[in-house]
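As structure tokens, the structure follows; a few thoughts come after it.
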Amino acid sequence: MARSRNKKTEIEEEIEKRIPTTRYNPDYKVGLTAQQVQEHRLHGWVNRAVDPPSKTTKEIVHENVFTYLIFLVLLFCYVWLDPSGI
């Protein structure tokens, strides 16, 4: 939780550092010129990589499949299906 708060404050600080810049509407086939890109970078308008979620799908599935309750159900099934008992 503390990490997400720190990340939010970092993002907020980064947004505060941004200087209002000129808004361009270039042709999507051509894009911005090198000078326009440089202007945006100097004003703090850059693309940053997004952090992945805190847990992967594999970790979430693993935590939900291997719970204590599932262990008890499997143990009960083993005892119930095993004629010799424990």
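The values are calculated or read from the model by the stated rules, or taken from the named source; none is laboratory data. Values in this document were obtained by computation on a predicted structure and should not be read as measured data. When we count neighbours, we look across all protein chains shown, and the Cβ atoms used for this are built from the backbone with ideal geometry, even at glycine.
Scan segment 67-80 and give yes if some residue there is surrounded by 10 or more Cβ atoms within 10 Å (Cβ to Cβ) and polar (S, T, N, Q), otherwise no. Steps first, answer last, please.
From segment 67-80, those surrounded by 10 or more Cβ atoms within 10 Å (Cβ to Cβ) are 67, 70-79; that's our starting set.
Next, from what is left, pick out any that are polar (S, T, N, Q): 67.
For segment 67-80, residues surrounded by 10 or more Cβ atoms within 10 Å (Cβ to Cβ) and polar (S, T, N, Q): present.
Does Glu39 satisfy being surrounded by 10 or more Cβ atoms within 10 Å (Cβ to Cβ) and modelled with pLDDT of 85 or more? Write out each step before concluding.
Values: surrounded by 10 or more Cβ atoms within 10 Å (Cβ to Cβ): yes; modelled with pLDDT of 85 or more: yes.
When the stated conditions are applied, Glu39 passes them.
Give me the pairs, please: first residue somewhere in segment 30-54 and assigned to a loop (DSSP other than H, G, I, E, B), second residue anywhere and of a type in the set (Ser, Thr, Tyr), beta-carbon distance under 7 Å, and either six or more positions apart or on two chains.
The qualifying pairs are Leu32/Tyr24; His43/Thr21; Trp45/Thr21.
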